1. List the residues, sorted by chain then number, that are 5 or more residues from Gly51 or on another chain and whose placed amide H is less than 5 Å from its amide H.
2. Can you tell me, using C-alpha contacts under 8 Å and at least 6 residues apart, the relative contact order of the chain as a whole percent?
3. Of the residues Asn72, Asn105, Asn152, which exhibits the maximal mean-square fluctuation in a Gaussian network model of the chain defined by a 10 Å Cα contact cut-off?
4. Using a probe of 1.4 angstrom, how much of the accessible area of the stretch 110-156 is carbon and sulfur, in percent?
5. Top mean-square fluctuation among Thr98, Thr26, Thr110, Gaussian network model of the chain, C-alpha springs under 10 Å?
6. Would you mind calculating the gained length between His116 and Thr62 on full extension (0.36 nm times residue separation, minus the Cα-Cα distance), in nm to one decimal?
7. What is the set of long-range amide H partners of His104 at a cut-off below 5 Å, with H atoms built 1.01 Å from backbone N?
8. Where does each of Ile5, Ile78 land when they are ordered by accessible area, with a 1.4 Å probe and the largest first?
Amino acid sequence: MKIPIKGVIVPNDEKWIYDWLDMEATSPKDVNELIEKANGETLDVEINSPGGAVYSGSEIYTNLMDYTGEVNVKIVGIAASAASVIAMAGGIVKISPTAQIMIHNVSEATYGDYRHFEHEAEVLKNYNKSIANAYMIKTGLSQEELLELMNNETWLTAQKAKEYG
């Protein structure tokens with residue numbers, strides 16, 4: 001069964017806005033409905049997404065990892081940010097020679113006084129470590145190596161992605 005991960009990764013309760021505006025987007029609910037219909041058959045996940053909501057990307061990644069059947073991923077354009085995390089759920093991950101993967105630190109918009117910003121900085125650092133787990137499981141690289149790649153907002157060609165595993 002084909003599972004498209006296209007457009008922005010959005011929370012379930014925001015997906016209707018993208019649908020109404022006829023804009024491509026993917027929510028966990030979209031993917032979960034297809035996973036349920038697959039009933040054990042091979043999932044072919046096709047990704048062309050700039051990323052989006054980290055929590056939604058994490059949910060999609062987790063549900064693909066929990067799937068009892070085979071999960072294959074093909075990156076046809078871009079798997080950036082949260083979409084790069086989803087890509088790590090594939091048993092086999094293929095990337096078009098014209099595609100890229102981008103990994104970076106988790107970001108968010110926030111407001112408040114200095115105490116709130118200090119707290120949010122720690123939350124973001126912690127979430128970076130959580131996201132790095134998906135990359136570690138797939139590549140075998142250390143957390144330190146991956147956090148450095150994330151700090152540098154790393155863009156990977158197909159060749160470079162293969163080198164990193």
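1. The answer is Ile9, Ala80, Ala83.
2. Answer for the chain is 19 percent.
3. The residue that fluctuates most here is Asn152.
4. 53
5. Thr110
6. Additional length available on full extension: 16.5 nm.
7. Amide H to amide H, under 5 Å and 5 or more residues apart or across chains, His104 pairs with Ser81.
8. My answer, sorted largest first, is Ile78, Ile5.
The values are calculated or read from the model by the stated rules, or taken from the named source; none is laboratory data. What you see is a predicted model, and the numbers here were worked out from it, not measured in a lab. No Cβ is skipped: glycine too gets one built from the backbone with ideal geometry, and neighbour counts run over all protein chains shown. The accessibility values were calculated without ligands, DNA or RNA, using every heavy atom of the protein model including side chains. Shrake-Rupley method; radii C 1.70, N 1.55, O 1.52, S 1.80 Å.
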